[in-house]
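The values are calculated or read from the model by the stated rules, or taken from the named source; none is laboratory data. Predicted model only: the values in this text are computed from it and were never measured. Glycine also receives a Cβ, built like all others from the backbone with ideal geometry; neighbour counts cover every protein chain displayed. Ligands, DNA and RNA are stripped out before the accessible areas are found, and what is left, the full protein with its side chains, is counted by its heavy atoms. Shrake-Rupley method; radii C 1.70, N 1.55, O 1.52, S 1.80 Å.
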Amino acid sequence: MKLTKTNPKITEIIGNLKEKSYQEDVSIWKDIAKRLERSTRRYAEVNISKINRHSSPDETIIVPGKILGSGELDHKVNVVAISFSKKAEEKIDAAGGKCLGISEILDENPKGNKIRIIE
């Protein structure tokens, strides 16, 4: 399949995900790459409230899209996404969690252990 993305940042991330998937023999990175290859209109947009409902403390959540700031977060989680709204970043930081880019999580957790995908 020919990649038709025009954003060089996204194409680089997709390439890195696929490469890491083959190197480490981990299917989660290939799954995230497939989700990012979709049209931009179909990217996930997840509110903080959904992350709060579907996560437990000290968990790592990955969203192949954008995190929005609606809702409250009452426990510490590490959130990985393409982008974050300002409100979402503030709420995650206030709860004691971290906002990470996809490239950062590839370096920190190359095997993809204990990561939950939320869309």
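Computed quantities for the displayed model
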item: Rounded Å value of the spacing that divides the Cα centres of segment 21-41 and segment 79-119; result: 16
item: Cβ-based net charge around residue 112, under 9 Å, with every Lys or Arg adding one and every Asp or Glu removing one; result: +2
item: Loop trypsin sites (Lys or Arg not before Pro), segment 67-119, which have at most 16 other Cβ atoms in a 10 Å radius of their Cβ (DSSP); result: 76, 111, 114
item: Segment 68-109: C-alpha gyration tensor shape, a/c 1.5 cut-off, then a/b vs b/c; result: oblate
item: Derived scalar couplings ³J(HN,Hα) [segment 57-66; Karplus, 6.51 cos²θ - 1.76 cosθ + 1.60; whole Hz; x for Gly, Pro]; result: x, 6, 8, 10, 10, 10, 10, x, x, 10
item: Rough spin-label spacing in nm, given labels placed 7 Å along Cα→Cβ, for residue 76 and residue 56; result: 1.6
item: Apportionment of accessible area to carbon and sulfur, segment 1-54, percent (1.4 Å); result: 45
item: Neighbourhood charge, 12 Å Cβ-Cβ cut-off, centred on residue 74 and excluding it, Lys, Arg +1 and Asp, Glu -1; result: +2
item: Value of relative contact order over the chain, rounded to a whole percent, pairs C-alpha under 8 Å and six or more apart; result: 23
item: Geometric extent, Cα atoms of the chain - Rg, Dmax (angstrom); result: 13.9, 42
item: Rounded to whole Hz, the Karplus (6.51, -1.76, 1.60) HN-Hα couplings of segment 100-116, x for glycine and proline; result: 10, x, 5, 4, 5, 5, 4, 6, 6, 9, x, 7, x, 6, 6, 10, 10
item: Filtered GluC sites (Glu not before Pro), segment 1-93: DSSP coil and at most 14 other beta carbons within 10 Å; result: 72
